[in-house]
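All remarks here apply to the structure that follows.
The values are calculated or read from the model by the stated rules, or taken from the named source; none is laboratory data. Just so we're clear, the structure is a prediction, and the values are computed from it rather than from any experiment. Every residue, glycine among them, receives a Cβ derived from its backbone with ideal geometry; neighbour counts consider all protein chains shown. In case anyone asks, the SASA skips ligands and DNA or RNA and just uses the protein heavy atoms, side chains included. Shrake-Rupley method; radii C 1.70, N 1.55, O 1.52, S 1.80 Å.
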Amino acid sequence: MSTLPGDRSDHDALGSMLRVNHAGEYGAARIYAGQMAILKDSSMSETIRHMAEQEEHHLAEFNRLIPEYKARPSALLPLWHVAGWALGAGTALLGKQAAMACTVAVETVIAEHYQEQLAALGEREPSLAATIAQFRAEELEHHDIGLEQGAELAPAYGLMSAVIKTGCRAAIAIAKRV
Ligand SMILES: [Fe+2]
Ligand SMILES: [Fe+2]
């Protein structure tokens with residue numbers, strides 16, 4: 001992550017960062033799309049639409065940064081496409097509180113992930129770091145909205161939260177490489 005041109009390991013590390021962030025925002029956009037498909041006529045629709053629009057912005061930014069950094073996108077985008085939508089729609093089918101429990105779990109893991117990247121970047125790549133910091137703040141906003149909207153009242157909240165967090169951490173570990 002130094003500015004040395006042709007520094008292979010730094011290029012690879014940045015490429016991995018952009019790949020996992022792009023895949024994560026791609027998956028997040030699909031989760032919110034899945035929620036919207038089920039809850040578009042509910043009292044939650046405006047809240048979910050607001051978060052979905054921010055995820056589309058996050059995704060658009062990494063769509064722009066992937067070629068700028070000559071990074072390779074995840075080869076598993078078709079998987080994130082299906083899995084993200086299924087997670088969003090599946091939890092929404094269990095009810096509004098379950099949808100919010102999904103949001104809280106996902107955004108907890110994404111915010112942790114962005115915090116780790118900011119620590120790893122330190123003073124390097126200030127423009128990228130600023131983007132990640134802004135997105136992290138918005139993920140935390142989504143997390144807080146989920147809690148305000150009754151996530152913890154969802155059936156089997158503790159179990160659902162643990163399963164979704166484990167799945168998200170696994171997806172992050174995979175998308176760093178593939
Ligand atoms: Fe996001
Ligand atoms: Fe988010």
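Side notes on the structure shown:
- Being within 21 Å of L59 (Cβ to Cβ), charged (D, E, K, R) and out of contact with any Gly (no Cβ under 8 Å at 6 or more places or on another chain) holds for only one residue in E107, E116, E148, E123, and it is E116.
- Out of A98, A86, A60, one residue alone is in contact with a Gly (Cβ under 8 Å, 6 or more places away or on another chain) and at pLDDT 95 or above. It is A86.
- A28 part of a helix (DSSP H, G or I), hydrophobic (A, V, I, L, M, F, W, C), within 14 Å of ligand 1 (Cβ to nearest atom) and under 11 Å from the mean Cα position of the chain (by Cα): yes
- Meets criteria (within 13 Å of ligand 1 (Cβ to nearest atom), over 17 Å from I172 (Cα atoms), crowded, with 16+ Cβ neighbours inside 10 Å and small (G, A, S)) for A129: no
- Looking at Q115, Q97, just one residue is open to solvent by 20 Å² or more (accessible area, probe 1.4 Å), within 15 Å of the chain's Cα centre (by Cα) and not charged (D, E, K, R), and that residue is Q115.
- Any chance A92 is touching a helix residue (DSSP H, G or I) at 6+ places or on another chain (Cβ under 6 Å), within 30 Å of S9 (Cβ to Cβ) and within 16 Å of ligand 2 (Cβ to nearest atom): no
- Any hit, the stretch 136-158, residues being near ligand 2 (Cβ under 10 Å from one of its atoms), small (G, A, S), open to solvent by less than 40 Å² (accessible area, probe 1.4 Å) and closer than 18 Å to S45 by Cα: yes
- Take the conditions (1) open to solvent by 20 Å² or more (accessible area, probe 1.4 Å); (2) within 16 Å of ligand 2 (Cβ to nearest atom); (3) among the charged types (D, E, K, R); E107 misses just one of them, which is (1).
- Criterion: more than 12 Å from the chain's Cα centre (by Cα), more than 16 Å from ligand 1 (Cβ to nearest atom) and of a type in the set (S, T, N, Q) - qualifying residue of S74, S43: S43
- Complete set of residues in the stretch 32-66 that are open to solvent by 80 Å² or more (accessible area, probe 1.4 Å) and either away from ligand 2 (no atom under 12 Å from the Cβ) or without any contact (Cβ under 8 Å) to a residue 12 or more places away in the chain (or both): K40, D41, S43, E46, R49, E53, H57, N63, R64
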